[in-house]
Amino acid sequence: IAFAPDAQRFYDVRGTLCNVWEPDALIRSDDSNREDLSTHDTLYSVPVVSSDDNGRIRVSALVCGDRDAYYCAGKDDGSVGIYDMETAQPLRKLYGHSTTVSIVEIAWSRWQKYIASVDDCGRIVAKRLEKPAPQSADKKWKVFGLLDIRLGTTITQLLFSHSEEFLLVCSASLDRVWSTKTKQK
């Protein structure tokens with residue numbers, strides 16, 4: 001799942017299919033009558049005009065865990081949080097960038113040990129996560145600092161290595177690899 005840079009649609013890639021979702025396409029007008037639609041028209045959304053609630057904080061980046069029932073979302077207020085996949089309830093705010101920036105890219109390592117995000121000002125923040133123990137009374141994820149850097153360029157991709165040992169940071173003009181162990185380039 002990936003959001004468009006303008007956060008107006010998201011892309012859902014499964015196997016050889018790619019679905020493009022637009023928020024207005026997911027809302028069907030109350031006055032549209034299903035009986036008026038031909039069989040071909042039912043494959044497509046009925047265009048509707050909806051009012052935009054500018055007061056809501058929008059999700060601008062999203063990443064899902066491979067093996068667990070969690071996902072992380074970056075928002076246009078600079079916050080990054082973790083959510084329960086089944087209920088969509090927030091488990092906790094993991095960390096935040098500045099409140100005046102929007103998260104544009106987010107990556108989560110394979111075993112959910114590390115998370116990294118970049119905002120629209122080019123600041124990269126990476127954290128080490130610790131899941132709560134199943135038998136523990138405290139069900140909060142623990143968050144530890146890893147990286148907080150600015151590379152002076154627009155970051156286009158963040159990617160953790162399969163072993164979770166490295167974080168690849170890509171832009172149009174440079175690619176850098178950071179060690180999650182030594183925190184060095």
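The values are calculated or read from the model by the stated rules, or taken from the named source; none is laboratory data. What you see is a predicted model; the values in this text were computed from it and never measured. As a convention, Cβ positions derive from the backbone with ideal geometry for all residues, glycine included, and neighbour counts pool all protein chains shown. Side chains are part of the model used for accessible areas, which takes the heavy atoms of the whole protein and leaves out ligands, DNA and RNA. Shrake-Rupley method; radii C 1.70, N 1.55, O 1.52, S 1.80 Å.
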Number of positions in the stretch 72-121 that are in a strand (DSSP E or B) and either aliphatic (A, V, I, L, M) or touching a residue at least 40 places away in the same chain (Cβ under 8 Å) (or both): 21
Within the stretch 156-171, tally of residues that are open to solvent by 30 Å² or more (accessible area, probe 1.4 Å) and either under 17 Å from Ser117 (Cα atoms) or of a type in the set (D, E, K, R) (or both): 7
Considering residues of the stretch 66-81 that are under 11 Å from Ser102 (Cβ atoms) and of a type in the set (Asp, Glu) only, the residue modelled with the highest pLDDT: Asp77
Tabulated pairs, the stretch 140-169, first small (Gly, Ala, Ser), second at pLDDT 95 or above, C-beta under 7 angstrom, 6+ apart or interchain: Gly145/Lys127
Failed item, numbered, when Tyr83 is tested on (1) out of contact with any Pro (no Cβ under 7 Å at 6 or more places or on another chain); (2) open to solvent by less than 80 Å² (accessible area, probe 1.4 Å); (3) not aliphatic (A, V, I, L, M): (1)
Number of positions in the stretch 102-155 that are open to solvent by 20 Å² or more (accessible area, probe 1.4 Å) and at positive phi: 1
Total residues in the stretch 172-185, condition closer than 20 Å to Trp111 by Cβ, open to solvent by 20 Å² or more (accessible area, probe 1.4 Å), without any contact (Cβ under 8 Å) to a residue 24 or more places away in the chain and not charged (D, E, K, R): 2
